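The structure under discussion appears below in the form of structure tokens.
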Amino acid sequence: MIRPLLQVSAAVGALALIPVTTGAMASVDTSSYRELDAFMDVYTRVKAAYVEKVDDKTLIKGAIDGMLASLDPHSSYVDALAFDNLRLATDGNYGGLGLSVTQEDGAVKVITPTEDTPAWKAGIKAGDYITHLDGKLIYGGTLDEAITQMRGQPGTKITLRIVRPGRDKPFDVTLTRETIVQKAVKWEVQDGIGILNINTFSATTAADMRAGIAEIEKQLGGKPKGYVIDLRGNGGGLLNQAIEVSDAFLTHGEIVSQRGREKSDIERWYAESAIRGDLTRGVPLVVLVDAGTASASEIVAGALQDHHRALVLGEKTFGKGSVQSLLQLGPRTALRLTTARYYTPSGRSVQEGGIEPDLAVPQISDPDYKTRPVFREADLRRHLINETKVDNAVLEEDTKTDPRFAATPEELEKKGIKDFQLHYALQTIARTAAPARVAGGGAAKAGKR
């Protein structure tokens, strides 16, 4: 059986997921054989006449890569090196930097750094380009070669040259590799509000989140004022975990649908209200999103938004609305192939457009937020077109600075605000929860039932 894979790209020191299956070959019609004759003709002439001898492995690998390069940017051939990188990332016992990266026009581009990893601590940001490793130019090489170089023994150092759009000059960052063990869910309590920071959708994410909710309620001695579900920088993962996480906050209704090439090829998943119900018992929810919120994370944000169960706050998400299946071809090779699109409960596809937040809140505590360009699915070459996209043209755009978001990073730091979006989310829940406490009969302490 094919396990759907919902994530953005390759990981360096972050969790990657390997659904493994045996796929059946698609039927080949007569016209296909004629095209294969043309391929064999080119192959034979290259073997016979190229200026240098070329081995069969190099030519076949190049042909496979070229075939998949004509599809969307998430379909690829996973050779032995790439397969080992995925396996190592899944094991989690290796030295890495904590970067999710992709390749754009031969350059290695950062999708997002993983929280609490060397790259995150060093301030590497989404949209940065890595041009050199230990002084050697990596432009034009393969993504997996760059990933392999960035991995290494924990405690060893590596220097990355970073080109950041908006800055005049490149700069070097020296990082010390660490053993990357990404915790799927972290939780904390601030001002009687539970914060669930979901970093990835691995096999234990839903269970870890439920455990976090239980611990938050235990710490508060009862029900909190509300929850912030932080999905910023979460590049996705397993579909079933996104469904379970959504189900934890819903009592009924569809969570997501998946539609393949044929009109009849539709699967739907629903909240299992009779089994679980809403674990948070209806308290206010805010979902934090940004341009790094992708794929499985967008399923959660879209489901809770469509059911009006949560307020989505932050910035427009990445916009990856496709499903990849990893089809095992050999002991150390596989085919990562886009096999379906997914849709939110209202029938929206987030492909290209992403999830628009209910409340747009910029991360003004980041000094680079105005100058750093944002990288999303629509920026990728050959990305799938959203066939259901509706043109929501704005008749007149207000370009004035919203006074709520006029503070500078320096002013916020003086007030002790390091994460403005999280601060705003906590304030929003506090304002939402306050009337309910008054209506309920006065100033009872938060957490008391």
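When 227, 139, 270 are compared by accessible area at a 1.4 angstrom probe, the order from most to least is 139, 270, 227. Using the Karplus relation 6.51 cos²θ - 1.76 cosθ + 1.60 with θ = phi - 60°, the per-residue 3J(HN,Hα) values for region 201-215 come to 10, 8, 5, 10, 4, 4, 5, 5, 5, 4, 5, x, 4, 4, 5 Hz, with x marking Gly and Pro. Electrostatic bookkeeping for residue 381 treats Lys and Arg as +1 and Asp and Glu as -1; over the other residues with beta carbon under 15 Å from its beta carbon, the sum is -3. 3J(HN,Hα) couplings calculated from phi for region 179-190 with the Karplus curve 6.51 cos²θ - 1.76 cosθ + 1.60 (θ = phi - 60°) are, in sequence order, 6, 8, 10, 6, 7, 4, 9, 10, 9, 7, 10, 9 Hz; Gly and Pro show x. Positive-end ranking of 113, 142, 158 along the dipole of region 62-201, with charges on Cβ about the Cα centre, is headed by 158. Backbone phi angles across region 37-46, fed through the Karplus curve with coefficients 6.51, -1.76 and 1.60 (θ = phi - 60°), yield HN-Hα couplings of 4, 5, 4, 5, 5, 4, 4, 5, 5, 5 Hz in residue order; Gly and Pro are listed as x. The lysines within cross-link reach of residue 225, meaning a Cα-to-Cα straight distance under 20 Å and a gap of 8 or more places when in the same chain, are 186, 445, 448.
The values are calculated or read from the model by the stated rules, or taken from the named source; none is laboratory data. Please read all numbers here as calculations on a predicted model, not as lab measurements. Quick reminder, even Gly has a Cβ in these numbers, built from the backbone with ideal geometry, and neighbours come from all protein chains shown. Accessible surface areas use protein heavy atoms only, side chains included; no ligands, DNA or RNA. Shrake-Rupley method; radii C 1.70, N 1.55, O 1.52, S 1.80 Å.
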